[in-house]
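Trainee: I'd like to ask you about the structure that follows.
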Amino acid sequence: MAQGRNSLVVPQSSAALQQLKMEAAQELGVTIPSSGYYGDITSREAGSLGGYITKRLVQIAEQSLSGTSGNIR
C-alpha cells in the first residue's frame with residue numbers, strides 16, 4: 001500500500017522528529033514559527049534545516065546499524 005508523500009512510516013516517531021527539528025533549528029540559528037506557518041522563512045533556511053535533519057537521521061541510522069552508541073554532532 002503506497003503512503004502519502006509526507007506520512008510517517010512509524011507514526012509514534014512524530015514527537016522525536018519534532019524534537020530533532022527544534023534542535024537542528026537552534027543549532028543553525030533558524031527561527032521556527034510558533035504558528036506553524038513556514039511561509040515566512042527563506043528557501044535557504046528551509047533547505048539548510050532539511051539538509052541538516054537528513055544528515056542527522058542518516059548518522060542515527062548508521063549508528064543503529066553498526067551497533068555503536070554515542071552522540072554525533
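Trainee: Measure off 7 Å from each Cα along the Cα-to-Cβ vector at L17 and S43, then give the distance between these two points in nanometres to one decimal.
Mentor: Reported label-point gap for L17 and S43 is 2.4 nm.
Trainee: Something else now. Note the listed values (1) 12.2, 41; (2) 15.8, 55; (3) 13.9, 40, then indicate which one is Rg and Dmax of the Cα atoms in Å calculated from this particular structure.
Mentor: (3)
Trainee: Starting from the 7 Å offset along Cα-to-Cβ, what nm value, one decimal, do you get for the label separation of S64 and L8?
Mentor: Reported label-point gap for S64 and L8 is 1.3 nm.
Trainee: Run the helix sum for the chain: -39,500 (n - 2.57) per DSSP H stretch of 4+ residues, divided by residue count, reported at 222 nm to the nearest 500 deg cm²/dmol. All intermediate terms of the calculation are to be shown ahead of the outcome.
Mentor: Values: 2 runs with 39 residues, N = 73.
Taken over the chain, the calculation gives -18500 deg cm²/dmol.
Read-outs: derived from the displayed coordinates by stated rules, not from any lab. These figures come from a predicted structure and were not determined experimentally. As a convention, Cβ positions derive from the backbone with ideal geometry for all residues, glycine included, and neighbour counts pool all protein chains shown.
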